[in-house]
Amino acid sequence: MIETESFRQVCNFVKSQYPNKEFIPLHAPVFNGNEKAYLIDAIDSTFVSSVGEYVNQFERMMCSITGAEYAVAIVNGTNALHMALILAGVIDDDEVISQSLTFIATCNAISYCRANPVFVDVDRDTMGLSPDALEKFLIEYAEIRDDGFTYNKLSNRRIKACVPMHTFGFPCRIDKISTICDTWNIALVEDSAESLGSYYQGKHTGVTGKVGVFSFNGNKTVTCGGGGALVTNDPEFAKRAKHLTTQAKVPHKWAFVHDEIGYNYRMPNLNAALACAQLEQLNVFVENKRELASIYKSYFQDQQIAFVTENEGAKANYWLNCILFADADERDSFLEYSNENGVMTRPVWELMHRLPMFINAQKGDLNNSEWLADRLVNIPSSVR
Ligand SMILES: *Cc1c(COP(=O)(O)O)cnc(C)c1O
């Protein structure tokens, strides 16, 4: 068992990275660029709502950053995921394979489609969906039927999509996951909410699957208060996403005609103004975060606490830095000590399959998810 003295040293080291601060938050936004200028400009233009030049500029910037053909600005990451699943064709009673170690938004979006999440394990090193676990699950429980879709032999439901998540900004093995999804005709939707600025094998996260989503919530690497984006290379998807997120209004000079049930999911121009100013600084933010990660990495080399680093082939944005304790007791002692001593730290989310809404969801062996959930702690990671 690690002594309180070493917890004190770790906290002091974290504090030394953020001098002159009484309390060190987990992730605070930084607004040192054109944020105020663009916001004032958006207000002066009177285009504060879902139509405006900043919305268009935001979408162009997301394309150039991620390399996607199309980007659609959405009101938040959760709704972007909902939209992505609709585009992927997920409907009532379908199943969507995801990871239990994720933020609740992933599963909420699946539930908004009246679909059912099925959980497979993550890899210990990437903390994201494991291609081996996915393949094992499919071989054991799934079959491709005459209509060309994959069905779950246990539940008799169609498995329409798979949603891996790039946990804390560390890219998962998306190339292998993509190959498996292709083999089984399962739509790949990437929850890249946490991984803006993260790459796997030179490719930005979010652009390997049919559709990927990002979040610009206040705690993310880049924020616009609240916001999301959907990226895709499919022109039909992009067109449909724009239509559905604007109440499915048929374009017309004056008439209000809507041709299906749509959503009010577009990002307002005010938020887009903030997003554009923040995106201009994405590279600076990510380099700053990677520098902090490398400082943490050398520090923890001499401690009895493991520091999580990016995998081979991956370039992580190090959204939230992660350390691993020997067991849940040691983790709890550290959480208690650090949070009482001015250093904000957090455990991983309660695993999805343990929440009341998903307690009956089918699941594979979740050993790695449980192993990580017992040991992982996020430590302060703000841009300095
Ligand atoms: C933040 C986050 C979301 C949702 O983003 P919001 O913009 O807060 O709605 C979705 N999935 C994951 C994994 C996230 O971390």
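Residue check: is residue 44 free of Cβ contacts under 8 Å to residues at least 24 places away in the same chain, in a loop (DSSP other than H, G, I, E, B) and either within 16 Å of the ligand (Cβ to nearest atom) or not polar (S, T, N, Q) (or both)?
No.
Find the residue count for segment 208-239, including only residues that are of a type in the set (Phe, Trp, Tyr) and more than 7 Å from the ligand (Cβ to nearest atom). Write out each step before concluding.
Narrowing segment 208-239 to residues of a type in the set (Phe, Trp, Tyr): 214, 216, 237.
Keeping just the survivors that are more than 7 Å from the ligand (Cβ to nearest atom) gives 214, 237.
Final tally of qualifying residues: 2.
Would you check which residues across segment 221-251 are in contact (Cβ under 8 Å) with a residue 60 or more places away in the chain and charged (D, E, K, R) and list them?
Across segment 221-251, the qualifying residues are 234, 240, 242.
Is it the case that residue 158 is among the charged types (D, E, K, R) and closer than 13 Å to residue 131 by Cα?
So residue 158 fails the test.
Working only within segment 79-108, note down all residues that are assigned to a helix (DSSP H, G or I) and near the ligand (Cβ under 10 Å from one of its atoms).
79, 80, 81, 82, 104, 105, 106, 107, 108
Being closer than 13 Å to residue 270 by Cβ and of a type in the set (A, V, I, L, M, F, W, C) is the filter here, so list the residues in segment 28-49 that pass it.
Selection gives 39, 40, 42, 43, 47, 48.
So residue 33 passes all but one of these: (1) of a type in the set (Gly, Ala, Ser); (2) at pLDDT 95 or above; (3) more than 27 Å from the chain's Cα centre (by Cα). Which condition number does it fail?
It fails just one condition, (3).
Looking at this structure, is residue 309 free of Cβ contacts under 8 Å to residues at least 24 places away in the same chain and of a type in the set (Val, Ile, Thr)? Give the derivation first.
Numbers: free of Cβ contacts under 8 Å to residues at least 24 places away in the same chain: yes; of a type in the set (Val, Ile, Thr): yes.
Yes, satisfied.
Search segment 239-285 for residues being surrounded by 23 or more Cβ atoms within 10 Å (Cβ to Cβ) and small (Gly, Ala, Ser), and hand back the single one that is farthest from residue 79 (Cα to Cα).
273
The values are calculated or read from the model by the stated rules, or taken from the named source; none is laboratory data. Just so it is clear, the model here is predicted, and its values are computed rather than measured. Methodologically, a virtual Cβ is constructed for each residue, glycine included, from the backbone with ideal geometry; neighbour enumeration extends over all protein chains shown.
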